[in-house]
Amino acid sequence: MSIRDVYIVDAVRTPIGKFGGALSSVRPDDLAAHVVKSLVDRTPDLDPARIDDVYFGDANGAGEDNRDVARMAVLLAGLPTSVPGVTVNRLCGSGLEAVIQAARAVALGDASVAIAGGVESMSRAPWVLQKPERAFPAGHQQLHSTTLGWRMTNPRMPAEWTVGLGEGAELVADKHGITREQQDAFALASHQKAAAAWGKGLYDGEVVPYGDVDLARDECIRDTTSIEALAKLKPSFRREGGTVTAGNASPLNDGAAALLLVDEEGLRETGREPLARIRASAVTGIEPQLFGLGPVEAVRRALEKSGRSFGDLTTFELNEAFAAQSLGCLAEWPELDPEIVNPRGGAIAIGHPLGASGARLAGSVAHQLAAAGSGTGLAALCIGVGQGLALVLER
């Protein structure tokens, strides 16, 4: 059996909304359906019935995502009912995991045309009530938020593994001696690069606003923020000696992204030139409390599989869960030129809708490679509970 080349023909995403913001009234299944429909509409030569499968990442799934949001998106987008859909969950890496699984299916010949993407509405994530061990309890019951982080934690888990995400970022800062000032400077650069990219129209061919919602640009970008303003924010997680704040961490967000993946036959049917080709991927694990350093080994393995090195990269989209986490990873890649990382801004400014972020990163790399005309790009994320995921693209 021969392995087929896998091409990314197109990639779209919504503007990323802030928690409780412009997209908070939109259900996650509707967000997913919007990017799927937009992707299909942009390739009119492709018969939608030719889509072999739709893969979607979703970190929650407890509410209006309705367990299998990929299938919901297919139906709500008006695709033929013959098009199936599967939802995957690798927490923060779910959207990229969907891209990798779809690419694997195409490479192996299980699919010729596939859609991959991700969605999250952190605004609409429900509270859940754990079932009592006995019926009709007399006492009060606790609701658990499904927006982010640990819930209903297994008591057998070691306490050091179940620290909050913010404390995990603080641990990375401790490990690498990353200062508050360095984190704030990194965050400021994220906002400045994102604002500049929007100002230059670099996202115009990628972002598809949702319906009549008044949101044309990522909602969390702060054009006028400054080092002075960031320095005034109090630590969010460690009250004494903490360095991680709301200003140097990614916010809570709503959004969706989708990519069209094809083999050679599918490419001919689209009548389009591909943005990029998928080269290699890798996933790795790490101590859960050090989740922020998860990409370190995943990126090295993905590059090794692709036969490339850091010096071959022309762009690198690294998800900015926290400035401390991103800086910790960069410290462990001395061979990498930091100037090529997140050239159009990162998640601290753009936002991090968990299940969608990986697909956003992959799509952004593909569009950047297409704009450049050639090169090698990489997308990578840290993942809660200690994993890292990376994907290498080329053009």
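The values are calculated or read from the model by the stated rules, or taken from the named source; none is laboratory data. Please read all numbers here as calculations on a predicted model, not as lab measurements. Cβ: placed from backbone, ideal geometry, glycine included. Neighbour counts: every protein chain shown. Surface areas here come from the heavy atoms of the whole protein model, side chains and all, with no ligands, DNA or RNA. Shrake-Rupley method; radii C 1.70, N 1.55, O 1.52, S 1.80 Å.
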Single residue of Pro274, Pro209 found to be surrounded by 15 or more Cβ atoms within 10 Å (Cβ to Cβ), out of contact with any strand residue (DSSP E or B) (no Cβ under 7 Å at 6 or more places or on another chain), touching a residue at least 24 places away in the same chain (Cβ under 8 Å) and not aliphatic (A, V, I, L, M): Pro209
Subset of region 1-23 [under 18 Å from the mean Cα position of the chain (by Cα) and under 22 Å from Pro126 (Cβ atoms)]: Thr14, Ile16, Gly17, Lys18, Phe19, Leu23
Condition broken by Met122, with the remaining ones in (1) open to solvent by 30 Å² or more (accessible area, probe 1.4 Å); (2) hydrophobic (A, V, I, L, M, F, W, C); (3) within 30 Å of Leu261 (Cβ to Cβ) satisfied: (1)
Enumeration of residues in region 279-309 that are assigned to a helix (DSSP H, G or I) and hydrophobic (A, V, I, L, M, F, W, C): Leu290, Phe291, Leu293, Val296, Ala298, Val299, Ala302, Leu303
Positions within region 199-215 being over 24 Å from Thr43 (Cα atoms) and outside any loop (DSSP other than H, G, I, E, B), in sequence order: Gly199
Among the candidates Leu39, Leu31, residue that is over 22 Å from Asp263 (Cβ atoms) and in contact (Cβ under 8 Å) with a residue 24 or more places away in the chain: Leu31
Some residue of region 245-268 being open to solvent by 10 Å² or more (accessible area, probe 1.4 Å), part of a loop (DSSP other than H, G, I, E, B), free of Cβ contacts under 8 Å to residues at least 60 places away in the same chain and not basic (Lys, Arg): yes
